[in-house]
Amino acid sequence: MSSNLPSDKNNSKKPFPDHFGDLMKTMNDFFAEKPIRGFLQSIDDFFKTPFPFEGGFHLTTDEIDNEYIVSAELPGVKREQIHLNMTGQYLTISVENKELETSENDNNHIYRSRIFRQQASRTISLPFAINEKNIKASYRDGLLQIRVPREIGRNIEIGD
């Protein structure tokens with residue numbers, strides 16, 4: 001069976017010039033030169049170590065006897081990066097990461113300095129006002145536990 005398409009074996013003409021290949025080589029050379037290479041490297045570095053809690057972190061709330069236990073999974077977080085805030089019946093857990101990066105030349109003069117700040121927080125509402133004096137928090141092996149005792153109210157008698 002013969003084909004109507006021309007065969008490469010019988011075609012003595014030179015192939016079309018490789019304009020696409022030339023364009024790709026030019027673009028590759030452009031991105032390999034400084035300062036573009038440094039800019040692209042900083043973007044790569046950013047995505048290599050993203051803040052692990054960009055979308056939030058896992059929280060659980062359990063009611064045991066006369067207290068609530070709020071647990072947050074924060075692996076790899078240092079104790080000083082955790083902040084707790086109580087307002088009324090709301091408990092907010094915040095995690096903040098600050099990093100300072102400097103680059104120096106041969107004479108120890110800083111020519112580039114960057115500060116990275118990333119933060120994630122979760123707020124939960126408890127069914128009662130929080131007495132801040134009785135709250136206890138502990139942080140061990142990436143697990144933050146906050147014990148909130150339930151406040152026992154006073155019964156009020158209704159008069160005539």
>> Contact list please: Cβ distance under 6 Å, first residue in the range 71-91 and on the phi > 0 side of the Ramachandran plot, second residue at pLDDT 90 or above and surrounded by 14 or more Cβ atoms within 10 Å (Cβ to Cβ), pairs at least six apart or on different chains.
In response: none
> For the subset of the range 85-112 comprising residues that are of a type in the set (Asp, Glu) and either farther than 20 Å from Glu73 by Cβ or loosely packed, with under 12 Cβ neighbours inside 10 Å (or both), which member is modelled with the lowest pLDDT?
Replying inline: Asp106
> Do you know which of the residues in the range 138-160 that are in a strand (DSSP E or B) and β-branched (Val, Ile, Thr) is nearest to Arg79 (Cα to Cα)?
Replying inline: Ile146
> surrounded by 12 or more Cβ atoms within 10 Å (Cβ to Cβ) and outside any strand (DSSP E or B): does that describe Phe116?
Replying inline: no
> So is Asp62 at pLDDT 75 or above and of a type in the set (Asp, Glu) or not?
Replying inline: yes
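The values are calculated or read from the model by the stated rules, or taken from the named source; none is laboratory data. Since the model is a prediction, treat every value here as computed from it, not as a measurement. Quick reminder, even Gly has a Cβ in these numbers, built from the backbone with ideal geometry, and neighbours come from all protein chains shown.
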